[in-house]
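The values are calculated or read from the model by the stated rules, or taken from the named source; none is laboratory data. Everything numeric in this text was worked out from a predicted model, so none of it was measured. Backbone-built Cβ (ideal geometry, glycine too); neighbour counts: all protein chains shown. SASA here: full protein model, heavy atoms, side chains in, ligands and nucleic acids out. Shrake-Rupley method; radii C 1.70, N 1.55, O 1.52, S 1.80 Å.
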Amino acid sequence: MVAHLVRLKLTLLRNIFRRSRTQAIGAVVGIVYFSVLVAGLALILASFRSSLDAAQVVVPLAGAAGTVLWTVLPLFSFGSDPTLDPGRFATFAVPQSDLAVGLVLAALVSLPSIASMVLSVGVVVAWSQTAASTLVAVASTAVGLLTAITTSRWVCASLTNALSSRRGRDVVAVLGLVLFALVAPATAILANLGGGVGPAARSAASVVAWSPLGWAWAAPGDVAAGRPLLGGVRLALATGLLALVFVLWSRVLRVQVENPRAVSRSDSVAAAGDDIGLLARLPGTPSGAVAARVLTYWRRDPRYQTSMAMTPVLPLALLIPVFTSDLTWPPLLMGPLLAFLIGWSGHNAVSYDSDALWLHVVAGTTGTDDRRGRALPDLLLALALVPPYTVVGVGVSGYWGLAPAAFGVSAALLGAGLGVSSVMSVVLPYPVPEPGASPFGTPPGAAGIAVAAQSVASVATLVMSSPALALAWAAWSGVAGVAWGAALVGAGVGAAAAVLGASTGARIYDRRAPELLSSLRHA
């Protein structure tokens, strides 16, 4: 059964290239891009073979960071693979032990796992100081990678259950805030260590090496440094941790197989009487109906709620360097970053409609009404949040003379993001979790095209905002009077980009709406 699950996962991985031509090209671009990046990181890790002292600092920290990323990123980025959802196996008489092992091993057959394996090769090379340290490196790296993947499976499954209730979603939101409160200071400290390995990094590596995050990644260094007993202790602890996480994962697996539950809003209720919710509260026009539907998604769809919860939180991390270092300028970017995230977030909005897009098609909704209706909620959210974030960021940094430039850049990024999203959502939609599915899932093989589409949307937004960005940089450099120029140009660029993008996206939508619906049904 274990081998069968792995073969199925291999088939799904191969099917990445059997989608539509656009999606296949996007997948290839994303794979090539990240292959170069991962290969470069692996070579950097391998280069620490020439310095054991540096390796004992860098590798445990990198391994711990990788474990954290494996746990966190599936929740807020690419998601866990729904083909490995335990609930899908509820109707099959598969022994639990085989299913638990098979799902973990099948998780190894994915692009993120393959990338992690390549990086692990660099770690093994870095520790290949002696024959003994090389053998321990192979064993401990395998244990560390399996621990990260098993932990990811356990956390995703546990939070999928938790998100079926409002209280569970509130707890997850609080945990997310706590995570940012803990991780961001560490990131700021590491970013200010300079090019060399400083005392702070050595102290951090020493602490991490004795934590569950670093046991597996530090053990080979002890053997290479002539402390085989200490390395053995750390490897034993890492192996015990893997066993513990596997037991926890098995328990969650048993619950989900015996009582599978779809991730849905258990606390939502149907509208009573003639109350049609936001559809009755917004203008009775096609654009108003589309906007009401989007706002309803924000209220009830966990897929949207995850993004909505994180968007206003991410810019707050820019406040941390002010309290952990001598840097005072990062808060200046709070407003622009929030504006960028709000505008950029709609670049794949159509895919979240799934089959419901047929309502737009059969109702004869024009591209103009569709584009305007989808942009309206984002614009309202930006008007409510971007100005206070910009004022707070400028006030904390103390650069009041740059306030006009900050507002101008925010306006440019918001307008450019809305314009790019209006086009991207109908030109390059990529697969997303189905309605009612786990918000932390993603269709098999979608990571490559998702990365490609997100990268294109990000670069296009920055390019369209470049006039305002250039003037803001000049104002930062001390050129007199440019800050107000950045404000005016930013407002003009943002408005022009939003209007141009909406009109272009509307024309494309009118031309290929049936084709777009067909691609969503077969994604």
Which one is surrounded by the fewest Cβ atoms within 10 Å (Cβ to Cβ) among residues in segment 61-70 that are touching a residue at least 60 places away in the same chain (Cβ under 8 Å) and under 15 Å from LEU41 (Cα atoms)? GLY66
In this structure, does THR365 turn out to be surrounded by 20 or more Cβ atoms within 10 Å (Cβ to Cβ) and not in a helix (DSSP H, G or I)? yes
Just to be sure, is LEU327 in contact (Cβ under 8 Å) with a residue 24 or more places away in the chain, open to solvent by 10 Å² or more (accessible area, probe 1.4 Å) and part of a loop (DSSP other than H, G, I, E, B)? yes
Are any residues in segment 283-334 acidic (Asp, Glu) and closer than 25 Å to GLU434 by Cα, and if so, which ones? ASP301
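Residue-wise test of (1) assigned to a helix (DSSP H, G or I); (2) at pLDDT below 95.
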site	(1), (2)
ASP370	yes, yes
ALA375	yes, yes
ALA384	yes, yes
LEU413	yes, no
PRO439	no, yes
Collect the residues in segment 474-491 that are in a helix (DSSP H, G or I) and open to solvent by 40 Å² or more (accessible area, probe 1.4 Å), keeping them in residue-number order. TRP476, TRP484, LEU488, VAL489, ALA491
Could you list, ordered by first residue, the pairs with Cβ atoms under 6 Å in which the first is in segment 371-389 and closer than 26 Å to ASP510 by Cβ and open to solvent by 60 Å² or more (accessible area, probe 1.4 Å) and the second is hydroxyl-bearing (Ser, Thr, Tyr) and assigned to a helix (DSSP H, G or I), at least 6 apart or interchain? ARG372/SER287
Might you let me know whether segment 240-261 holds any residue that is open to solvent by 60 Å² or more (accessible area, probe 1.4 Å), at pLDDT below 85, acidic (Asp, Glu) and not in a loop (DSSP other than H, G, I, E, B)? yes
Does LEU337 qualify as being free of Cβ contacts under 8 Å to residues at least 24 places away in the same chain, in contact with a Pro (Cβ under 9 Å, 6 or more places away or on another chain) and either open to solvent by 20 Å² or more (accessible area, probe 1.4 Å) or not in a helix (DSSP H, G or I) (or both)? yes
Close pairs (9 angstrom Cβ cut-off, 6 or more residues apart or separate chains): small (Gly, Ala, Ser) in segment 239-253, surrounded by fewer than 17 Cβ atoms within 10 Å (Cβ to Cβ) and in a helix (DSSP H, G or I) anywhere: SER250/GLN96; SER250/SER97
Candidates GLY490, GLY417 - the one that is modelled with pLDDT of 80 or more and in contact with an Asp or Glu (Cβ under 9 Å, 6 or more places away or on another chain): GLY417
